[in-house]
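J.: Following this message is one structure expressed as structure tokens.
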Amino acid sequence: MSQSLEQFGKYLLLEKVAAGGMAEIYLARSGAANGLNKFFAIKRILPQYSTNDEFVAMFKEEAKVAINLNHNNVVSIYDFGIEQSQFFLVMDYVEGRNLRQIINELKKTNKSFTIDQALFLIKETAAGLDHAHRCTDSTTGRPLNITHRDMSPQNIMVSFEGEVKVIDFGIAKAETDGEATKAGTLKGKFSYMSPEQAEGQPIDPRTDVFALGIVLWELLANDRLFTGSNEAAILRKVRDCQIPPIRKINPTVPQELERIVMKALAKDRNIRYQTAANFHRDLNRFLNTQYPEFSPQDFSLFVRECFKTAYQDGREKLVGYSKAKVSELTPPPVKTPKVTVAETVPPPPEKSADAINIPQAAIPENIEELGLEPYGLNSDEPVAKINLDGLRFANSGSTHKASPSLTAIYGKPSNSNTAVTGIMHQTQKSHSRNSGSDETLEVVFKFALVVALAYGGWWGYKNYFNKLPPIVIVNTSKDPVSKIDTASKAPLEVKVSVNSSPDNAEIVVGGVVKDSKTPAIISIPANKEVDIIIRKSGYLDYSFSRKFSEPTEQLSVTMQASQTTGYLNIRVTDGNSFTKISINGKELLEKAPIIKYPIVAQKETIITAYNPISKLKDEKTVNVNTGESVDVLLTLEQAKPPKQK
């Protein structure tokens, strides 16, 4: 292959397949040159969010939950860790589409799933959920009592081979001694919540059964069940739980199947299917008795036909990626370690001696929060490997190379008394051989003193850092240490991850059209105002000017269909990175402040800001004239208590 590939730890990142506000997913395979071509999906946190404690905790929770799952109807997790300061998960790569994408594709040609296909999809999903609900901790054997909490078409993957898999346990909860699902917390997509979830009550696996019942109802009705102009309206409908009988919408649905659907959607969770296994059993029995000719192979052909071009292109791409060699890698940039020379107190002039300065390694302050286990005081592992070549001696104007015995430090130091005794023993031998030479004795004694001081400094340095993980600091430069500290220099270019909804949009930077379309990672000059246009046929151009300064940044835009245009400048007070902005009920990818956002002019537009963490919300309604730019200020603040009379 001609294109260069990025190596991420032991994996080759072949292609970005999805990106969100805080994480991205890549198609990848093992980087080992062993002829194996197992493909994976790697989900990693964007660098700027790797220090966000709440998001990292949620990412770790997803790994902790999913690592115990092993079922044909659940996407498996193979690996989890930190690479290049980014948390990552390694998952099954499912060559296919999620259920929402398939539904949208079918609507373009006025098609829909047949009843038997819908039953097959839901029963397979129910089998995966049942496995998650019954899953036990692989280390203790205790039930984890996992509840997915976000069961929706977006989290059901359908492969081109007809396999159905549950994905994204990012907000799932496994009840442990120290943690349980909290009441009053709303997580998940509002249109697929259960009544108890919408009320903020404690939830259990029966919530997932209700959500899966919604998906089945929508597949049979070829329509959405809970909709509304805003989130509050949707939640009211979910809480009321008024479910239209499916046979009134689709008379071809058998009466027995309607009974199954309505039982899954019972408002009272005690009347509902108590387990996903019971739901699966009824669906499987009905499918086998009413549609005995159904074939999963025919279903896979149906899916492949919906995405015929994408399927063929994907197969060719995988064949090409399987031939990619390690030599084609673009190695990640190597940052020169920042090394500082410790200041020393000058010794008295009459007894001056050269002293060796030990460089200080930069250790992350949040090393324990990142999940790294520091070495204990009695560890036999190497504590630090330090190359002192090129470092200056404190009182010397020239640069010297350190003694080979000091260029690497390993393991525990020997007893310091033994070391000093050995030095004195060598001194006595030298003195006996040169008893007539006081000058020689003085030189030997000074040498012994220098070595003893250096060894003592090294021993203290090693014990000081004995709690820290192994760190390698190597100065490969031939220049003096004064030229080593280059890490503080500002980057010349910024890597910007550009995402758009819809994707496959053209990116124009400074009047130059980029080769890649969204989603894409592009290089932009750092600390320089640049004009950017996101352009797609049938949609309004999204244009703005912005300066980028961080080494890596995220840029997400939501495009509007072409019509007469007005603009909004949206700002939020008392918000944070979790605040969601919606226009007419559609959540935007952008985060506030949003400048010159194009909307349809001369039409009522509702702008909403909502923080899912604090549960605070504000909403404004505007009507913008053609070409007009309107400022919208949304305020998220706690309601003030009424004044005491």
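The values are calculated or read from the model by the stated rules, or taken from the named source; none is laboratory data. The structure displayed is predicted, hence computed values, not measured ones. As a convention, Cβ positions derive from the backbone with ideal geometry for all residues, glycine included, and neighbour counts pool all protein chains shown. When the accessible area is computed, the model is the full protein with side chains, heavy atoms only, and any ligands, DNA or RNA have been set aside. Shrake-Rupley method; radii C 1.70, N 1.55, O 1.52, S 1.80 Å.
J.: Tell me which residues come under 5 Å, amide H to amide H, from A601 once H is placed; ignore anything under 5 positions away on its chain.
T.: It is T564, T565, G566, by chain and number.
J.: Starting at the first residue of region 218-228, write each ³J(HN,Hα) from the Karplus equation 6.51 cos²θ - 1.76 cosθ + 1.60 with θ = phi - 60°, in whole Hz, x for Gly and Pro.
T.: Result, rounded to whole Hz: 5, 5, 6, 8, 6, 7, 7, 8, 9, 10, x.
J.: On to the next question. In whole Hz and in residue order, list the ³J(HN,Hα) couplings for region 510-518 that follow from phi through the Karplus curve 6.51 cos²θ - 1.76 cosθ + 1.60, θ = phi - 60°; x for Gly and Pro.
T.: Using θ = phi - 60°, the values come out as x, x, 9, 7, 6, 5, 8, 9, 5 Hz.
J.: Roughly how many Å is it from the Cα centre of region 109-174 to that of region 611-636, as a whole number?
T.: If we compute the Cα centre of each part, the gap is 36 Å.
J.: Accessible area of region 1-147 with a 1.4 Å probe: how many percent of it is carbon plus sulfur?
T.: Reported share for carbon and sulfur atoms: 47 percent.
J.: Considering only the other residues whose Cβ falls under 12 Å of the Cβ of I42, what net charge follows from Lys and Arg at +1 and Asp and Glu at -1?
T.: Local charge sum for I42: -1.
J.: Using 22 Å as the Cα-Cα cut-off, could you pick out the over-long pairs in K547/K615; K514/K536; K536/K617?
T.: Where the Cα-Cα span goes over 22 Å, the pairs concerned are K547/K615; K536/K617.
J.: Equivalent-ellipsoid semi-axes (√(5λ), Cα gyration tensor) for region 198-276, whole Å, largest first?
T.: Whole-Å semi-axes of the equivalent ellipsoid: 20, 17, 9.
J.: Just by accessible area at a 1.4 angstrom probe, what is the order of V512, V572 from largest to smallest?
T.: Putting V512, V572 in descending order of accessible area: V512, V572.
J.: Amide H neighbours of E15 under 5 Å, at least 5 residues apart or on other chains, H built in the peptide plane: list them.
T.: L27
J.: Roughly how compact is region 1-139, stated as its Cα Rg over 2.2 N^0.38 Å to two decimals?
T.: 1.21
J.: For T608, T309, what's the largest-to-smallest order of accessible area, 1.4 Å probe?
T.: The ranking, largest first, comes out as T309, T608.
J.: Using a 1.4 angstrom probe and counting only protein chains, how large is the accessible area of D282 in Å², to 10?
T.: Solvent-accessible area, nearest 10 Å²: 30 Å².
J.: Continuing with the same structure: Pairs of lysine in region 4-109 with Cα under 16 Å and at least 8 positions apart or on different chains: total?
T.: 5
J.: Oh, and also: Semi-axes of the equivalent ellipsoid of region 184-319: what are they in whole Å, largest first, if each equals the square root of 5 times a C-alpha gyration tensor eigenvalue?
T.: 30, 21, 15
J.: How large is the accessible surface of S50 in square angstrom, using a 1.4 angstrom probe and rounding to the nearest 10?
T.: The accessible area of S50 comes to roughly 10 Å².
J.: Can you compute the equivalent ellipsoid semi-axes for region 524-596, i.e. the square root of 5 times each eigenvalue of the Cα gyration tensor, sorted largest first and rounded to whole Å?
T.: Whole-Å semi-axes of the equivalent ellipsoid: 21, 19, 11.
J.: Another question, then. With θ set to phi - 60°, apply the Karplus curve 6.51 cos²θ - 1.76 cosθ + 1.60 along region 195-209 and write out the HN-Hα couplings as whole Hz, x wherever there is a Gly or Pro.
T.: Going residue by residue, I get x, 5, 5, 5, 7, x, 7, x, 10, 9, x, 5, 5, 5, 4 Hz, with x marking Gly and Pro.
J.: Tell me which residues come under 5 Å, amide H to amide H, from G96 once H is placed; ignore anything under 5 positions away on its chain.
T.: Amide H to amide H, under 5 Å and 5 or more residues apart or across chains, G96 pairs with F160.
J.: Among DSSP bridges having both ends in region 541-638, what percentage is antiparallel? Round to the nearest 5.
T.: Around 75 percent of the beta bridges assigned by DSSP in region 541-638 are antiparallel ones.
J.: Now for a different question. So, counting K/R as plus one and D/E as minus one, what does the shell of residues with Cβ under 14 Å around L106 add up to?
T.: For residues surrounding L106, the net value is +3.
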